[in-house]
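Novice: Got a structure here, written out as structure tokens. Questions coming.
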């Protein structure tokens, strides 16, 4: 029976994985046991998905990304080239800390830029945008733009990935989609 997904001949898919229809797994990638990958995902070259990782639908994982146990990515997440997740706060080679893995959640539509590092145990909000090379050590609100080391918020982003410019009434419009956003009490919501 044909598989509902594509895996390059050099990819390794361990037993016990669930991989959705239309997903593509490219050269030298390794999908470990009990991981769940949704429909229409694209995993680039040299990607590792560790046991028990969950990826939603339409997740794009660029080359050289390792997604460690404890990571959950919701639908439409983008993981840039060579970005890094961690899953233990204080790793030591001689000490087994598998029982201390911390959960990291990347909410729907979030983007993590190339070479960014996400320290474990945090939540990245829906449609947040993590700049290239950022080191994220705390939760990121929905729609926030964060950059730097350590990452700090420098603005807000639309669902289409454009920086939002709010007027005096706290309203902004995405220049590409025309979607409207409201900023109230330090939180952004899409209103139309």
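Novice: Looking at the structure I just gave you, is residue 44 touching a strand residue (DSSP E or B) at 6+ places or on another chain (Cβ under 7 Å), at pLDDT 95 or above and within 24 Å of residue 142 (Cβ to Cβ)?
Specialist: no
Novice: Now a separate question. Enumerate the strands (runs of 3 or more DSSP E) found wholly within segment 99-192, keeping only those where 2 or more residues are surrounded by fewer than 16 Cβ atoms within 10 Å (Cβ to Cβ) and within 18 Å of the chain's Cα centre (by Cα).
Specialist: 152-156
Novice: Here is a further query. Based on what the data block shows, is residue 84 surrounded by fewer than 18 Cβ atoms within 10 Å (Cβ to Cβ) and touching a strand residue (DSSP E or B) at 6+ places or on another chain (Cβ under 7 Å)?
Specialist: yes
Novice: Further, regarding this structure: Could you say which residue among 67, 112 is free of Cβ contacts under 8 Å to residues at least 24 places away in the same chain, assigned by TED's automatic domain parsing to the domain that holds residue 35 and farther than 21 Å from residue 181 by Cα?
Specialist: Criteria check complete, one pass: 67.
Novice: Then there's this: Does residue 179 qualify as being in the same structural domain as residue 68 (by TED's automatic domain parsing) and farther than 21 Å from residue 68 by Cα?
Specialist: Spelling it out, it is not the case that residue 179 is in the same structural domain as residue 68 (by TED's automatic domain parsing) and farther than 21 Å from residue 68 by Cα.
Novice: Quick check on my filter: what residues within segment 87-98 are assigned to a loop (DSSP other than H, G, I, E, B) and either without any contact (Cβ under 8 Å) to a residue 12 or more places away in the chain or touching a strand residue (DSSP E or B) at 6+ places or on another chain (Cβ under 9 Å) (or both)?
Specialist: Selection gives 87, 90, 91, 93, 94, 96, 97.
Novice: Keeping to segment 40-57, report how many residues are crowded, with 20+ Cβ neighbours inside 10 Å and either assigned to a loop (DSSP other than H, G, I, E, B) or under 11 Å from the mean Cα position of the chain (by Cα) (or both). Working first, answer last.
Specialist: Restricting attention to segment 40-57, the residues satisfying the condition of being crowded, with 20+ Cβ neighbours inside 10 Å are 41, 43, 47, 49-50, 53, 55-56.
With either assigned to a loop (DSSP other than H, G, I, E, B) or under 11 Å from the mean Cα position of the chain (by Cα) (or both) added as a condition, the list becomes 41, 47, 50, 53, 55-56.
Total meeting the criteria: 6.
The values are calculated or read from the model by the stated rules, or taken from the named source; none is laboratory data. Everything quoted here is computed from the prediction, not taken from an experiment. Reconstructed Cβ throughout: ideal geometry from the backbone, glycine too, with neighbour counts over all protein chains shown.
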